[in-house]
Every structure is written in C-alpha cells, then in structure tokens.
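Chemist: Take this structure, written in structure tokens, and hold onto it; I'll ask about it next.
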Amino acid sequence: MRILIALTYYHPHKSGLTNYVKWLARALAARKHQVTVLTSQYDASLPLMEVLEGVRVLRVPVGFHVSKGVIMPGLPAKAWKLIHEADIVNLHVPQFDAFGLAFMARLQRKPVVLTYHCDLLLPGGFINAVANIISNLANRISIRLSERVVTNTLDFARHSPYLKNNLKKVVDIQPPIETPAVTEKEVRGFRNKYKISDEDQVIGMVARLATEKGVEYLVAALPEVLRAHPQARVIFVGQYQGVMGEDAYAAKLAPLIAEFHQHWTFLGIIPDRERDAFYRICRLIVFPSINSTDSFGMVQIEAMKCDRPVVACDLPGIRQPVLMTGMGRIVPPRDPVRLAQAINELMDFPIKPSPLARQVLDRLSPDQVAMRYEQVFKELAKK
C-alpha cells in the first residue's frame, strides 16, 4: 500500500508528535508499505528529500512562520502530485495545512485518515489567538473531510469540542512507543556524564519548557517535596531555551527555578539511548500538563516501560496511562499541594509494573500500533 503521511514537523525535530510519526512511519515501512512523509523544511540545512530507515521524506521550504506553525507556498503543488500517487492519506494535526490537504484528497477520491493528537491551546497574545482560531477551524474542516479520525483515547475524544460530535468516525489507537534497551554500564555512564550521584532522589520531567506543560506547578511543589526528601532533585530533559512562542513563560520561570540551585537541572535535548538511561536513574516522572494541548503523554509510557511510576494530572487522555497500568498517581491539574503529596508518596512507596501492566505496555510497540493503522487503511482502501 502507498501511504502518504503529512505533518508540519518531522525528524530530526524533537517532540512527542514527531516521535509518534517517526516510529509509526518506520513500522509501516517495515511491514512492506511504501511510506512517504510530507513535511516542512523548517531548518534550511535539511535536505529536501532523503530516505530515513525505509521512509521517503519530502520537505517543502518554509516561507514564514505564524506562531508555532509554518506557511509553505510550494506545498499545494507538491501535495497534489503525492496524493495522486498514494492509496491512502494520513494527516497529523494540529497542522494549518491539513484541511487543504484533506480537500485535495477528497477531490482525488483518496481516503483520508486524520490522526488527531490534541486540541491546540496556544498561550496568550494576538498572534497566538489568531493562530488558535485558524488551527481550530482547520481541525473542524479536516475532521469533516476525513473518513476516519484516529485519537489516542476515547476519553480524550469524548471531551474534545472538535471530536465529541464526530465519535462515529473516531478510532482509538494508543501511540507507538519505542524505548531502546540500555545496559547498566550505559546507565552508570549517564550518571557520571551529568554528575548525578546515587544519593540523588531524581524527579524526572521530559517536555519542552512550554506553558501547557505546567512546569510552574512542579516548581511550587518542590519546597514541600524537599522538606520530606532533602536529596530530591528535578532533572528536566527537553528543549528549555528558545522554545518557539515561549520566551515570556521561560523568563517568568527563570527566577523561581534559580532559587533551587542544585535541586533543579536542565539537560536539554539528549539522544534516545541517553533518554532511556535517564528514566532508569529517576525515582519517578511527573507530567503536570494543564490543558488539552496534551492528550496522552507518551513520556508516561516511556517511563513505565523502564519500570518508573508517574504522577499525571487528571485530564482527559492524560490520566489514561496511569489508569491503564496502575503505575502511578493522578492529581488535579494546577494543584502543587496534591502534586507534592503524590511525589512524596511514590518516593516512599515505589510502584513496579504488574503482569497486566506489562501486557498493556507491550501493546504499544510500534509494530502493534502500525498493525492497527494497517487494519484501518485496508478497510478504507476496499471501499
């Protein structure tokens, strides 16, 4: 089957969405499908065409940026040709261009599967407000033009203002998660490289430093955690400098985080194998997101696959990894008191995965997720 996947950012860009599509595309290619990814050349140094692990990647030059999105004047002509060559089109939103691509696919009578990752809620400001309106309108049109809408959980779909009225189209497929196995030697090397002692009680967070991630609530919870566990230390993995559209947020947090000195460390973006080693030196992972810009939290599953529990917020979709596996605690969003209580509880009473949790986690391998997508694609291709 010839599968065209379209999204705004793709590897080597780092985010949960780009990891999702990278793992899915690679797994579909391994299942003998011809997979093409159509994306932006967000960095001018990236090639316009390359083959990555069996996946053909085509990048379109960027004319200019609008908030966290991009405008690609050359996209329609490139997309029309690729849609014509494809058997099925898989669009990943949020994406400004999704409705246009869905409309072109409809004109060419090619089935569209829309993978709906989240409801976009950008931080304040005029440009972001306009971007929100455009993106949400694009989502509504794209949903209407799609034959199927894949989302991570029905829990999220039932609460999304854009999906709850289209549940007949919705298929819930949890995201693909890949965690490379690392050795004890690599874990020890990670500790030595980043100067993390065996006595440190590491609280991990993996995210961009962005408004929707709720980092300030972890900062506010930290004094209570340190009273109970003086050796506690937050290690933050992910982009924390120059995050698009988040300069004001970073500036607001900087003096608050600076107060904790040795109890808070930013590592930035680290290689995948180091990330797996990172999970293994943590006592637990926190996921304090505050809104529907997150709909699942793939890092929760990554941590659980490394036997680490999670504290997550009680929001649609985000609470599901803990509910599915029992590996953690769920707390109200924006509540540093309850967040601190949950962290302290898991510090004192660690949770290990049960056999049932292992079965749930095994179902989220890229090959298993690609097989579910394949079933949806084949069903539509027969019509």
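Chemist: Looking only at residues in the stretch 40-52 that are at pLDDT below 95 and loosely packed, with under 14 Cβ neighbours inside 10 Å, which one is farthest from residue 6 (Cα to Cα)?
Modeler: Across the stretch 40-52, the extreme among qualifying residues is 44.
Chemist: May I ask you to list the residues in the stretch 281-298 that are out of contact with any Gly (no Cβ under 6 Å at 6 or more places or on another chain) and at pLDDT 95 or above?
Modeler: Correct list: 281, 283, 284, 286.
Chemist: So in the stretch 215-267, with the set limited to residues that are touching a residue at least 24 places away in the same chain (Cβ under 8 Å), of a type in the set (Asp, Glu) and part of a helix (DSSP H, G or I), which one is nearest to residue 205 (Cα to Cα)?
Modeler: Result: 216.
Chemist: I've got another one for you. Six or more apart or on different chains, Cβ under 6 Å: which pairs go from a residue in the stretch 320-333 that's without any contact (Cβ under 8 Å) to a residue 24 or more places away in the chain to one that's assigned to a loop (DSSP other than H, G, I, E, B) and of a type in the set (Asp, Glu)? Could you list them?
Modeler: Note: pairs meeting the criteria are 330/314; 332/314.
Chemist: Going through 36, 8 one at a time, which residue ends up being under 19 Å from residue 296 (Cβ atoms), β-branched (Val, Ile, Thr) and in contact (Cβ under 8 Å) with a residue 40 or more places away in the chain?
Modeler: Checking each option against the conditions leaves just 8.
Chemist: Inspect all residues belonging to the stretch 112-128 and state whether any of them is out of contact with any helix residue (DSSP H, G or I) (no Cβ under 8 Å at 6 or more places or on another chain), modelled with pLDDT under 95 and of a type in the set (A, V, I, L, M).
Modeler: yes
Chemist: Just to check your reading of the model, which residue among 345, 274 is within 25 Å of residue 22 (Cα to Cα) and of a type in the set (Asp, Glu)?
Modeler: Result: 274 is the single residue among 345, 274 that is within 25 Å of residue 22 (Cα to Cα) and of a type in the set (Asp, Glu).
Chemist: Among (1) modelled with pLDDT of 95 or more; (2) within 19 Å of the chain's Cα centre (by Cα), where does residue 245 come up short?
Modeler: Answer for residue 245: the failing condition is (1).
Chemist: Could you tell me whether the stretch 331-348 includes any residue that is within 22 Å of the chain's Cα centre (by Cα), surrounded by fewer than 16 Cβ atoms within 10 Å (Cβ to Cβ) and farther than 28 Å from residue 26 by Cβ?
Modeler: yes
The values are calculated or read from the model by the stated rules, or taken from the named source; none is laboratory data. Please read all numbers here as calculations on a predicted model, not as lab measurements. Methodologically, a virtual Cβ is constructed for each residue, glycine included, from the backbone with ideal geometry; neighbour enumeration extends over all protein chains shown.
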